[in-house]
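Let me begin by presenting the structure, written as structure tokens, before commenting on it.
The values are calculated or read from the model by the stated rules, or taken from the named source; none is laboratory data. Predicted model only: the values in this text are computed from it and were never measured. As a convention, Cβ positions derive from the backbone with ideal geometry for all residues, glycine included, and neighbour counts pool all protein chains shown. What goes into the accessible areas is simple: the full protein's heavy atoms, side chains included, and nothing from ligands, DNA or RNA. Shrake-Rupley method; radii C 1.70, N 1.55, O 1.52, S 1.80 Å.
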Amino acid sequence: MSSLVIVEDDKRFSVVLRKMLQQYGHNIDAFFYCANDFLNYIKKTDHYPDLCIFDLELPDKSGVEIVTEIHEYLDYFNILILTSFSDEDKVFEAIKAGASGYILKQELPYKLKDSIIEVIEGGVVIEPILANKFINYFKTFETINHKENDIIFEASENEVLLYLIQGFTYKEIASFTDRTPRNIKYMLSKIYKKLGVKSKVEAISEAIKLGLVEI
């Protein structure tokens with residue numbers, strides 16, 4: 001059973017969300033209507049939840065600001081964004097900052113359950129159109145010569161990173177490579193350590209800049 005924290009300013013919607021999460025068997029550790037209360041809680045608590053779910057647009061802070069502040073304080077934190085509209089630019093910036101994905105609120109009945117599992121297991125939840133946006137973003141990076149860095153990736157690690165860039169989930173990558181999702185998670189933890197990063201986007205960005213993978 002997973003522990004969750006919710007940050008949602010729409011009180012009517014929050015009731016629906018909590019009922020759905022409880023129906024899926026999750027524990028809700030805390031609920032907040034504004035970002036600052038949530039951030040204060042995270043900085044003081046000794047028990048971090050498995051996942052935080054929050055609205056992209058809260059009254060006091062944007063989703064990008066929240067994600068940035070969290071990752072300044074914690075090395076790793078699972079974050080799933082909810083939004084009422086498909087604002088690609090804002091979602092893109094939030095995921096660049098370290099969020100693990102997003103769901104449109106109108107699609108919650110179809111995607112919430114699986115998305116929570118995927119993010120907690122270390123996956124990324126994004127739509128193909130946003131995955132393409134990330135590919136174009138990564139293509140803008142200038143790479144340095146391989147000889148100028150001492151990080152060595154195994155062929156299997158390169159393969160996993162390339163699938164991750166294309167927006168595939170851990171389960172999909174595991175299927176493509178004849179591995180288990182746990183194996184993929186372990187491989188990515190090794191990649192993060194090698195690159196000295198804290199999020200998936202940072203890992204991909206750094207690997208491309210160093211010329212360790214090509215797209």
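Listed by first and then second residue, the pairs with beta-carbon distance under 7 Å, at least 6 apart or on different chains, first residue in the range 153-164 and at negative phi and open to solvent by 50 Å² or more (accessible area, probe 1.4 Å), second among the hydrophobic types (A, V, I, L, M, F, W, C) and assigned to a helix (DSSP H, G or I), are Y163/I173; Y163/F176. If you go through the range 176-202 and keep only what is within 13 Å of G122 (Cα to Cα) and among the small types (G, A, S), you end up with S189, S199.
Output the residues belonging to the range 87-105 that are part of a helix (DSSP H, G or I) and surrounded by 15 or more Cβ atoms within 10 Å (Cβ to Cβ). Quick ask: steps written out before the conclusion?
From the range 87-105, those part of a helix (DSSP H, G or I) are 88-97, 105; that's our starting set.
Of everything in the range 87-105, those that are part of a helix (DSSP H, G or I) and surrounded by 15 or more Cβ atoms within 10 Å (Cβ to Cβ) turn out to be K90, V91, F92, E93, A94, I95, K96, A97, K105.
Restricting attention to the range 56-76 and to residues that are buried (at least 20 other Cβ atoms within 10 Å of the Cβ) and closer than 17 Å to V124 by Cα, the residue that is nearest to the chain's Cα centre (by Cα) turns out to be V67.
Annotation: G123 fulfils all but one of (1) open to solvent by less than 30 Å² (accessible area, probe 1.4 Å); (2) modelled with pLDDT of 75 or more; the unmet one is (2).
Taking the criterion of being of a type in the set (A, V, I, L, M) and touching a residue at least 60 places away in the same chain (Cβ under 8 Å), the residues of the range 185-215 that qualify are L188, V201, I204, I208, L210, L212, V213, I215.
Going by the structure shown, is L108 touching a residue at least 60 places away in the same chain (Cβ under 8 Å), crowded, with 16+ Cβ neighbours inside 10 Å and not in a helix (DSSP H, G or I)? Walk me through it before giving the result.
Values: touching a residue at least 60 places away in the same chain (Cβ under 8 Å): yes; crowded, with 16+ Cβ neighbours inside 10 Å: yes; not in a helix (DSSP H, G or I): no.
In short, no.
Across the range 128-148, the qualifying residues are those that are surrounded by fewer than 13 Cβ atoms within 10 Å (Cβ to Cβ) and within 13 Å of L210 (Cβ to Cβ), and the one among them that is modelled with the highest pLDDT is E142. Pairs linking a residue in the range 69-84 that is small (G, A, S) to a residue that is loosely packed, with under 13 Cβ neighbours inside 10 Å, with Cβ atoms under 9 Å and 6 or more positions apart or on different chains, are S84/Q106. Within the range 188-204, the residues that satisfy the criterion of being surrounded by fewer than 19 Cβ atoms within 10 Å (Cβ to Cβ), under 18 Å from the mean Cα position of the chain (by Cα) and in a helix (DSSP H, G or I) are S189, K190, Y192, K193, E202.
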